[in-house]
Amino acid sequence: MKKLFFGFVLLTATTLQAQIGVKAGLNFANVTNASMINHSSRSGFHIGGFLGTGSGKLFGFRTELIYSSQGYNYKSGTNNNDVKLNYILLPQLFCLNITKYIQIQAGGQAAFLLSASNDSTMGSGSILDYAKRFDFGLTGGFELHPIKKFLIGARINYSFGKVYKDLALGIPRPSFLAYEAKNNVVQIFAGLKLGK
């Protein structure tokens with residue numbers, strides 16, 4: 001069954017003259033709308049693959065599947081704490097090829113929370129009890145193609161959805177939680193185009 005599935009993907013990519021590739025890089029993650037906590041950015045990473053069309057043309061489209069480790073740091077009293085939020089990202093990007101070396105990308109993105117952790121013992125319960133499993137937003141950036149098959153780039157992801165669920169009345173707010181917090185991630189990456 002797996003061979004049949006991957007065979008179908010490769011056949012579709014060939015038919016559409018699509019470009020398959022892999023990429024990985026660094027995340028500089030934080031949250032916005034979180035003034036009720038003393039937060040700062042944390043570093044993480046992302047890795048995944050992409051399928052694109054329109055190579056060699058002015059306009060193109062790309063879909064990606066990315067594992068992304070993000071979150072934020074925050075201070076509670078004299079303690080520095082780290083919130084880790086690990087997502088699967090599904091960017092859907094429109095591409096503008098300025099030249100054969102420069103590509104601008106912009107589009108929407110869905111995100112699915114896989115796991116979450118908080119290194120503080122000051123919160124109550126698991127962070128997954130408070131976090132939303134689905135997120136969505138906008139993403140955009142650029143890619144440079146300095147040599148054949150190799151690429152480097154940068155991108156910013158801005159979420160519209162809140163990281164955390166609304167708390168029921170009477171439930172105390174954990175030290176890591178900001179009610180309106182939204183993910184904000186800057187990514188830098190390198191990648192490799194596969195095939196011809």
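The values are calculated or read from the model by the stated rules, or taken from the named source; none is laboratory data. All of these numbers come straight from a predicted model, not from anything done at the bench. Ideal geometry is used to build each Cβ from the backbone, glycine not excepted, and the neighbour counts take in all protein chains shown.
Is it true that Ile156 is of a type outside the set (Ser, Thr, Tyr), within 21 Å of Leu113 (Cα to Cα), free of Cβ contacts under 8 Å to residues at least 40 places away in the same chain and in contact with a strand residue (DSSP E or B) (Cβ under 8 Å, 6 or more places away or on another chain)? Please lay out each step first, then the result.
Numbers: of a type outside the set (Ser, Thr, Tyr): yes; within 21 Å of Leu113 (Cα to Cα): yes; free of Cβ contacts under 8 Å to residues at least 40 places away in the same chain: yes; in contact with a strand residue (DSSP E or B) (Cβ under 8 Å, 6 or more places away or on another chain): yes.
Criteria met by Ile156.
Within the range 39-54, being surrounded by 14 or more Cβ atoms within 10 Å (Cβ to Cβ) and not β-branched (Val, Ile, Thr) holds for His39, Ser41, Arg42, Gly44, Phe45, His46, Gly48, Gly49, Phe50, Leu51, Gly52, Gly54. For the range 88-102, the condition holds for at least one residue, the condition being that it is free of Cβ contacts under 8 Å to residues at least 24 places away in the same chain, closer than 30 Å to Ile20 by Cα and part of a loop (DSSP other than H, G, I, E, B). Quick one: would you say Phe134 is modelled with pLDDT of 95 or more and more than 19 Å from Gln187 (Cα to Cα)? Against the criterion (modelled with pLDDT of 95 or more and more than 19 Å from Gln187 (Cα to Cα)), Phe134 qualifies.
Among the residues of the range 59-88, the ones that are surrounded by fewer than 14 Cβ atoms within 10 Å (Cβ to Cβ) and at pLDDT 90 or above come to 2 in all. Determine whether Gly191 is on the phi > 0 side of the Ramachandran plot and in contact (Cβ under 8 Å) with a residue 60 or more places away in the chain. No. Taken as a whole, the condition of being at pLDDT 95 or above and of a type in the set (A, V, I, L, M, F, W, C) applies to Leu96.
In the range 128-153, which residue that is assigned to a loop (DSSP other than H, G, I, E, B) and touching a strand residue (DSSP E or B) at 6+ places or on another chain (Cβ under 7 Å) is nearest to Val22 (Cα to Cα)? Once the filter is applied, the top-ranked residue is Lys149.
Please determine, by comparing only the residues of the range 147-195 that are closer than 30 Å to Gly52 by Cβ and of a type in the set (Lys, Arg), which one is surrounded by the fewest Cβ atoms within 10 Å (Cβ to Cβ).
If we filter the range 147-195 for residues that are closer than 30 Å to Gly52 by Cβ, which is where we start, we get 147-161, 163, 182-195.
Applying the additional criterion that residues be of a type in the set (Lys, Arg) yields 148-149, 155, 182, 193.
On the way: Lys148: 7, Lys149: 13, Arg155: 21, Lys182: 19, Lys193: 18.
Selected residue: Lys148.
Looking only at the range 37-62, which residues are under 14 Å from Tyr72 (Cα atoms) and not in a strand (DSSP E or B)?
First pass over the range 37-62, keeping only residues under 14 Å from Tyr72 (Cα atoms): 37-45.
Hits for the range 37-62 are Ile37, Ser41.
Among the residues of the range 167-175, is any outside any strand (DSSP E or B), closer than 22 Å to Gly21 by Cβ, modelled with pLDDT under 95 and of a type in the set (D, E, K, R)? Taking every residue of the range 167-175 in turn, none turns out to be outside any strand (DSSP E or B), closer than 22 Å to Gly21 by Cβ, modelled with pLDDT under 95 and of a type in the set (D, E, K, R).
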